[in-house]
Amino acid sequence: MIPFMHSHFRIACVPFSVPWLFAVLAWSASAHAAGPAAKPAAAGASNYAQRNDVRAYAAEVAAETGLPRRDVERWFGAARFQPKIVAAMDRPLLEPPKWFTYAPPFLAPERVEGGVRFWRDNGDILERAQNEFGVPAEIIVAIIGVETYYGRFGGSYRVIDALATLAFDYPRRAAFFRSELKEFVLLARDQGFSPLLPKGSFAGAMGMPQFMPGSYRRFAVDFDGDGHVDLWHSNADVIGSIANYLVRHDWQRGQPVLLPAVVAPEARDGALRRLDGGISERRPLAAWQADGVTPSNAPADLAAEPVGLLLLEENGEGEAAMSLWVACPNFYVITRYNKSRLYAAAVWSLAERLRAAH
C-alpha cells in the first residue's frame, strides 16, 4: 500500500509483494489504455546528478520544505536509474487474475500457520490495538501476511532509486512519484535516517505493511513509545500503524467485511448485470433487498450504509463457478489499502482462517 531511517534500523533486502505487483500492473494497464506514454530517458541520460530537471526539482523541494538544497541535490543525484522498474510498470496486464488463481498462495496452510505464530508472539500488542482502534487482530495480521508474508518479503530496491526512477523517467505517473519522493526525504528528516539506505518494493513501498512515504508520514504511529516509527522491525509500530490507517479511512468497529449474498433466482441476472469487473456500485441495503439480494448472517446492528455486491470466481462450473457476497463498508476500507477487490477479499479470507485457527 503505503510507506526513514534511524541509525539503529536494519533494512531487509527481499522481493516485492505480489499484491503490490498486481496493483501496479493493473495501474499500468489502465494507463496503457489511455494512450501511449513518453519514452523514459535512456540509462545513460539518467545520471540524476547532472540532469537539469532533477536539479530544478531538488531546488523546488528545498524551497518548499526548508531542507538544505545541497543535501536534496546530493540525495537525488545519488539515486540510480532502474530500468527493470520501468519494464515492470510497462508490462501489460493482459487479463486480470481470477479469484481461484489469485487466492491460494495467500490462504495456504503455511501462511495461516505463520499468521497464527505472529498473532501468538504479538498477542498483547494486537489486543491493545484492537481495543484502541476497533480493528480486529485477525485483519491486522492478515494484511501483514498478504503484503509481506509477515515481513519476509519487503522489497529489494533502494527506495530512493525506485522513487527517482518513477519520478524522473516514468512520465505516466511522474507527478505522483515526485510527490512521494518529496515525502520520502521529509520522512528521512522526521525519523532521522539517511534517505540513501532503506529498501522497499519497486514502487517505493516500505516495511512490513508496505506503506508509501506519504502514508508513512500521515498514518504511521509510534506504538511502542520509543520515539521512532519503525515499520521494518517494530512489530508494535507495524500493528498500530495498520490499525490507525484503517480507522483513518473510516473503519467501523464491530461491523462485518463480507456477508454471503442470498440472491432470489429471478433476481440473479439483474444482480449480475450490476457487476463491473467483479464488483457493483454501492447502494442502500434496502435497494438490494427490494431487488432480491439479501445478506446472510447479518448482525442485528448492521450499519445502515450503502453496500455493494462482490463476485468471486470459483473453480467450478455453472452456479458453482462463482460466489456472491455483500460487500460492507469495511470491505471498501480495505480497498483503500489496495484498490483490488481480490486483494481485499484475500485479506478477509486469510483473516477468517487465522481467527478460526487461533
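Say whether the condition of being of a type outside the set (D, E, K, R), at negative phi and outside any loop (DSSP other than H, G, I, E, B) is met by at least one residue in region 297-306.
Kept after step one, since they are of a type outside the set (D, E, K, R), are these residues of region 297-306: 297-300, 302-304, 306.
Narrowing the set further to residues that are at negative phi leaves 298-300, 302-304, 306.
Now restrict to residues that are outside any loop (DSSP other than H, G, I, E, B): none.
No - not one qualifying residue is present in region 297-306.
Considering 248, 274, which residue is out of contact with any helix residue (DSSP H, G or I) (no Cβ under 8 Å at 6 or more places or on another chain) and either farther than 19 Å from residue 100 by Cβ or of a type in the set (Gly, Ala, Ser) (or both)? Break it down into steps so the answer makes sense when it comes.
Details: 248 fails: out of contact with any helix residue (DSSP H, G or I) (no Cβ under 8 Å at 6 or more places or on another chain).
274 is the lone residue from the list that is out of contact with any helix residue (DSSP H, G or I) (no Cβ under 8 Å at 6 or more places or on another chain) and either farther than 19 Å from residue 100 by Cβ or of a type in the set (Gly, Ala, Ser) (or both).
Going through region 90-146 one residue at a time, which ones are under 20 Å from the mean Cα position of the chain (by Cα) and β-branched (Val, Ile, Thr)?
101, 112, 135, 139, 140, 141, 143, 144, 146, listed by residue number.
Which residue pairs have Cβ atoms closer than 6 Å, lie 6 or more positions apart in sequence or on different chains, and pair a first residue in region 323-349 that is part of a helix (DSSP H, G or I) with a second residue that is surrounded by fewer than 24 Cβ atoms within 10 Å (Cβ to Cβ) and at pLDDT below 95?
Taking only residues 6 or more apart or on different chains, the pairs are 329/305.
Kindly indicate whether residue 315 is closer than 29 Å to residue 109 by Cβ and loosely packed, with under 15 Cβ neighbours inside 10 Å. Outline the logic, then answer.
Details: closer than 29 Å to residue 109 by Cβ: yes; loosely packed, with under 15 Cβ neighbours inside 10 Å: yes.
It is true that residue 315 is closer than 29 Å to residue 109 by Cβ and loosely packed, with under 15 Cβ neighbours inside 10 Å.
Among the listed residues 146, 116, 135, which satisfies the condition of being in a loop (DSSP other than H, G, I, E, B), closer than 28 Å to residue 252 by Cβ and not assigned by TED's automatic domain parsing to the domain that holds residue 89?
Values: 146 fails: in a loop (DSSP other than H, G, I, E, B); 116 fails: in a loop (DSSP other than H, G, I, E, B).
Selected residue: 135, the only one of 146, 116, 135 that is in a loop (DSSP other than H, G, I, E, B), closer than 28 Å to residue 252 by Cβ and not assigned by TED's automatic domain parsing to the domain that holds residue 89.
Since residue 300 meets every condition but one in (1) within 18 Å of residue 104 (Cα to Cα); (2) surrounded by fewer than 16 Cβ atoms within 10 Å (Cβ to Cβ), which condition does it not meet?
With respect to (1) within 18 Å of residue 104 (Cα to Cα); (2) surrounded by fewer than 16 Cβ atoms within 10 Å (Cβ to Cβ), residue 300 is out only on (1).
Looking at (1) outside the structural domain of residue 65 (by TED's automatic domain parsing); (2) under 15 Å from residue 210 (Cα atoms), can you tell me which one residue 162 breaks?
Single failed check for residue 162: (1).
For region 71-90, check the following and say yes or no: at least one residue is closer than 30 Å to residue 239 by Cα and not in a helix (DSSP H, G or I). Talk me through it step by step, then tell me what you get.
First pass over region 71-90, keeping only residues closer than 30 Å to residue 239 by Cα: 85, 88-89.
Next cut, not in a helix (DSSP H, G or I) only: none.
Taking every residue of region 71-90 in turn, none turns out to be closer than 30 Å to residue 239 by Cα and not in a helix (DSSP H, G or I).
Say we look at region 88-145 and pick out the residues that are among the basic types (Lys, Arg) and out of contact with any helix residue (DSSP H, G or I) (no Cβ under 9 Å at 6 or more places or on another chain); which of these is nearest to residue 173 (Cα to Cα)? Show your work before the answer.
Going through region 88-145, the residues among the basic types (Lys, Arg) turn out to be 91, 98, 111, 117, 120, 128.
If we keep only those that are out of contact with any helix residue (DSSP H, G or I) (no Cβ under 9 Å at 6 or more places or on another chain) as well, we get 117, 120.
On the way: 117: 39, 120: 41 Å.
Filtering first and then ranking leaves 117.
Taking the stated definitions as given, is residue 170 within 14 Å of the chain's Cα centre (by Cα) and surrounded by fewer than 24 Cβ atoms within 10 Å (Cβ to Cβ)? Quick ask: steps written out before the conclusion?
On the way: within 14 Å of the chain's Cα centre (by Cα): no; surrounded by fewer than 24 Cβ atoms within 10 Å (Cβ to Cβ): yes.
No, not satisfied.
Does residue 34 satisfy being modelled with pLDDT under 95, surrounded by fewer than 16 Cβ atoms within 10 Å (Cβ to Cβ), assigned by TED's automatic domain parsing to the domain that holds residue 163 and in contact with a Lys or Arg (Cβ under 9 Å, 6 or more places away or on another chain)?
Yes; evaluated as a whole, the condition is true for this residue.
The values are calculated or read from the model by the stated rules, or taken from the named source; none is laboratory data. The structure displayed is predicted, hence computed values, not measured ones. Note that each Cβ is placed from the backbone with ideal geometry, even for glycine, and that neighbours are counted across all protein chains shown.
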